[in-house]
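Participant: A single structure is presented below for examination.
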Amino acid sequence: MAYKDHMAGQILDAHLEEGVLEPGREIGIRIDQTLTQDATGTLVYLELMSMGIHRVRTKRSVAYVDHNTLQSGFENADDHLFLQSASARHGAYFSRPGNGICHQVHLERFGIPGQTLLGSDSHTPTGGGLGMLAMGAGGMDVALAMAGAPFYMMVPEVTLVRLTGELPQWVGAKDVILYLLKRLKVKGGLGKIMEYGGPAVKTLRVPERATITNMGAELGAWSSIFPSDEVTKRFLTAQGRETEWIPISARQGAKYDDVIEIDLSALEPLVACPSSPDKVRPVNELSNVKVDQVAIGSCTNSSYMDLKLSAQLLRGKKVNPEVSLVISPGSRQVLSMLAREGELTHLIDAGARILEVACGPCIGMGQAPPSGGVSVRTFNRNFKGRSGTHDASVYLSGPQVAVAAAITGRLAHPALLGNAPDIAEPENFLVNDSMIIPPPDNGEEISIRMGPNIVALPELEPLPGSLKLKLILKLGDNITTDDILPGGVKVLPLRSNLPAISRHVYELRSPEFADKAREEGAVAILGGENYGQGSSREHAALGPRFLGVRAVFAKSFARLHRANLINFGVLPIWVRDEEYHEVEEGDHMEIADLHRSVEEGEKVVVRLTNKGFDFKGRLDLSLRERQILLAGGRLNFEGRRLAGRA
């Protein structure tokens, strides 16, 4: 297989700095652009500061405020000021609160075909809708990329998703990715890049492509990418950025690890049922589901075209009196265009509540459903408790189904609304970048503003020669980062204060976890398959480490979380079914000769001292990852390298 024949392979080859471009090999690539958001960005800038980096070395780095915009206390406002001053000091652009969701704004104003984008948010692959190689990563990896270091990754397999046919009336881009999730499940993209091709690609406009690449994160994929073609050129031209367009497509005869055929003409409106994005069923099978709330927005479905479609469907109609409809536009550009064209009036007259231009309900920041309620959302995740209401049932759909639910009060096929309106792509988007603040030429004169809730990162000790651990939590499959460390209005404002946020680690699964961990000193966790799926938030690894978690055992790990565990010196150890069933909460573990095992071994011997039972856990580590773990984490490792260069 000629890896360079793929779109992803072409971009990786053009950015290769270390290693050999062969599947399964570790490489280091140059990163052109980075993005951070306020829920993860504060750690990124604290990490930059601790490394002594004065100015970013990427082509462009952007700091967004879009997650924690609800200012119920001083914490969020202080963090906004910290991010604004830190980005100016370090040479990054700053997108002010109210300018929009990072992925939507980046697509509109900064994304460039053929470039690499690394973001401290798992939905960064949205940029693949423009022909970028866009990937989510932990904040530490993003900080290092901003410092000019390569981003290290295992060369992924490449799956071709070949699209034919044309979307029928009432079927949208959301239904394409929901179909793929139904087919492949949430682990179906692990270790892969999803590359879209086929004759039907040209029928999908950039916002539709971005919906698909955005939710490719739920497959666990490294990234998803569409060609950069005339459709891409038309979008960039409408944004006043036609000079940034270049064509990108797979070379003729490109061979793939796998090919998935999807006939768009055969698709129907789909819905992901509680509480996983891959529990997908046709909406026609769910007509008995009564709905309490509908939320339209998020980085998946908050584009101009999505919201104009919603407005046209609601025109002259009323929201069901037993339903609360909330709408969060993806960017100020979207909101302003809807207002100027009168589309906002249709939403308001129908009874919709217009929320701030931000992520909002998607990450549990307001608009929690009622107790035991049903919420239909055009979002990308419906994990239990993520909405802010632990016993709510959250369904995911496209805007067509969401509007039908808002009007009828139950899940229903949108065909009952009549004929689907034809939403044309605008020839010119409204461009006003006044809320994007470019960095000054000399940032050394900028004083970084740090409020009382911003706490410097602690020093992490190197890996000891042996470990004595107590297993204090055993979990099942598909544990999410929301399970490990919940979001929402109570927890997210503490993201800059590690001691405070760590008190909430695993509180939804084991309310006494933080106290148990502190009492024991050094502890371990056991998970099933796909441990750590979901967001890129580093806190889900750093918080447990702060509490004393030194090893996580699991049948398999989600890519982003595994990388974050290593970055903070937590051992990820693979176990088989036999060990998973043998090990129980309360078991005492001992790992001897740990340095040698991590330095050169493929296995680590674990003794259950209370049972007199030994087993071998698997260490699936690169040489670089071994060195990071021995150092006690990425900051220690990179600090030594920087000191060595000095």
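No value in this document is a laboratory result; all are computed from the given coordinates. Here the structure is a predicted model, which is why all the values come from computation and not from measurement. Positions of Cβ are backbone-derived with ideal geometry, glycine not excepted, and every protein chain shown enters the neighbour counts.
Participant: Counting only Cα, what are the radius of gyration and maximum Cα-Cα distance Dmax of the stretch 304-375, in Å?
Facilitator: For the stretch 304-375, the Cα-based Rg and Dmax read 12.5, 38 Å.
Participant: Pop a pseudo-label 7 angstrom from the Cα along the beta-carbon direction at both M154 and R340 and give the gap in nm to one decimal.
Facilitator: 4.8
Participant: Of the listed peptides 172-180, 458-466, what is their order by residue-averaged count of other C-beta atoms within 10 Å, with the highest listed first?
Facilitator: 172-180, 458-466
Participant: Rank G586, S597, F637 by how far each Cα sits towards the positive end of the charge dipole of the stretch 467-645 (+1 on Lys, Arg Cβ; -1 on Asp, Glu Cβ) and give me just the farthest.
Facilitator: Looking along the dipole axis, the top candidate is F637.
Participant: Place a +1 charge on the Cβ of each Lys and Arg in the chain and a -1 charge on the Cβ of each Asp and Glu, then give the dipole magnitude about the Cα centre in debye, rounded to the nearest 20.
Facilitator: The dipole magnitude comes to about 280 debye.
Participant: Per DSSP helix of 4 or more residues, -39500 (n - 2.57); summed, then divided by the residues of the chain. What does that give at 222 nm, rounded to the nearest 500?
Facilitator: Details: 22 runs with 196 residues, N = 646.
Calculated at 222 nm, the ellipticity per residue is -8500 deg cm²/dmol.
Participant: Rank G532, L473, S510 by how far each Cα sits towards the positive end of the charge dipole of the stretch 467-645 (+1 on Lys, Arg Cβ; -1 on Asp, Glu Cβ) and give me just the farthest.
Facilitator: Selected residue: G532.
Participant: Specify the inter-centroid distance of the stretch 265-287 and the stretch 335-400, based on alpha-carbon positions, in whole Å.
Facilitator: 18
Participant: Applying 1/(1 + (r/R0)^6) with R0 = 35 Å to the Cβ-Cβ distance of E582 and A456, what FRET efficiency is obtained, to the nearest 0.05?
Facilitator: On the way: r = 41 Å, r/R0 = 1.18.
That pair, E582 with A456, gives E of 0.25.
Participant: Now for a separate question. Taking square-rooted eigenvalues a ≥ b ≥ c of the alpha carbon gyration tensor, is the stretch 467-645 rounded, prolate or oblate, where a/c under 1.5 means rounded and, failing that, a/b exceeding b/c means prolate?
Facilitator: Because a/c hits 1.5 or more and a/b fails to exceed b/c, the stretch 467-645 counts as oblate.
Participant: Which one of V271, Q71, I225 is farthest out on the positive end of the charge dipole of the chain, using unit charges on Cβ (Lys, Arg +1; Asp, Glu -1) and the Cα centre as origin?
Facilitator: After comparing all options, I get Q71.
Participant: Compute the convex hull volume of the Cα atoms of the stretch 213-295, divide it by the residue count, and report the result per residue in Å³ as a whole number.
Facilitator: On the way: hull volume 15.3 nm³, N = 83.
Normalising the Cα hull of the stretch 213-295 by residue number yields 184 Å³.
Participant: Using the crude model of +1 on Lys and Arg Cβ and -1 on Asp and Glu Cβ, and no other charge, please compute the dipole size for the stretch 440-571 relative to its Cα centre, in debye to 20.
Facilitator: 440
Participant: In debye to the nearest 20, how big a dipole does the stretch 59-179 give about its Cα centre with +1 on each Lys and Arg Cβ and -1 on each Asp and Glu Cβ?
Facilitator: Dipole about the Cα centre, nearest 20: 380 debye.
Participant: What Kirkwood radius, in Å to one decimal, follows from the Cα pairs of the stretch 488-561?
Facilitator: The answer is 12.8 Å.
Participant: Evaluate 2.2 N^0.38 Å with N set to the residue count of the stretch 370-443, then give the Cα radius of gyration divided by it.
Facilitator: Cα-based Rg divided by the globular estimate yields 1.71.
Participant: Order of T243, T378, T58, T609 from fewest to most other C-beta atoms within 10 Å?
Facilitator: Sorted ascending by nearby Cβ count, the order is T243, T609, T58, T378.
Participant: Working out 0.36 nm times the residue gap between E166 and R624, then minus their Cα-Cα distance, what length gain in nm do you get to one decimal? Don't skip to the answer; put the middle values down first.
Facilitator: Values: separation 458, 0.36 × 458 = 164.88 nm, distance 4.61 nm.
Answer, rounded to one decimal: 160.3 nm.
Participant: Continuing with this model, one more query. How compact is the chain by the rule of thumb for globular proteins, expressed as Cα Rg over 2.2 N^0.38 Å?
Facilitator: Working: Rg = 23.7 Å, N = 646, 2.2 N^0.38 = 25.7 Å.
Normalised Cα radius of gyration, the chain: 0.92.
Participant: Given the Cα-Cα distance of R607 and K468 and 0.36 nm per residue of separation, how much length would full extension add, in nm? It would help to have the intermediate numbers written out before the result.
Facilitator: On the way: separation 139, 0.36 × 139 = 50.04 nm, distance 0.95 nm.
So the chain would gain 49.1 nm between R607 and K468.
Participant: If I stretch the segment between R449 and A424 completely, what's the gain in nm (0.36 nm per residue apart, minus their alpha carbon distance), one decimal?
Facilitator: 4.5 nm
Participant: Expressed as a whole number of Å, what is the distance separating the alpha-carbon centroids of the stretch 531-566 and the stretch 116-183?
Facilitator: 21
Participant: Here's something else I'd like to know. Pop out the ³J(HN,Hα) list for the stretch 309-319 in order, Karplus 6.51 cos²θ - 1.76 cosθ + 1.60 with θ = phi - 60°, rounded to Hz; leave Gly and Pro as x.
Facilitator: Taking θ as phi minus 60°, the curve returns 4, 4, 5, 5, 5, 8, 4, x, 10, 10, 5 Hz for the stretch 309-319.
Participant: Which of the pairs K185/K317; K182/K468; K192/K474; K4/K187; K202/K555; K4/K474 have their Cα atoms more than 31 Å apart in this structure?
Facilitator: The answer is K185/K317; K182/K468; K202/K555; K4/K474.
Participant: Which order do M132, M153, M7, M435 fall in if you start with the one that has the fewest other Cβ atoms within 10 Å?
Facilitator: Listed from fewest to most nearby Cβ atoms, that is M435, M153, M7, M132.
Participant: Order of C362, C299, C273 from fewest to most other C-beta atoms within 10 Å?
Facilitator: With the fewest neighbours first, C362, C299, C273 line up as C273, C362, C299.
Participant: Right, another one. Taking every eigenvalue of the Cα gyration tensor of the stretch 294-437, multiplying by 5 and rooting it, what semi-axes result, largest first, whole Å?
Facilitator: In descending order the semi-axes read 24, 19, 12 Å.
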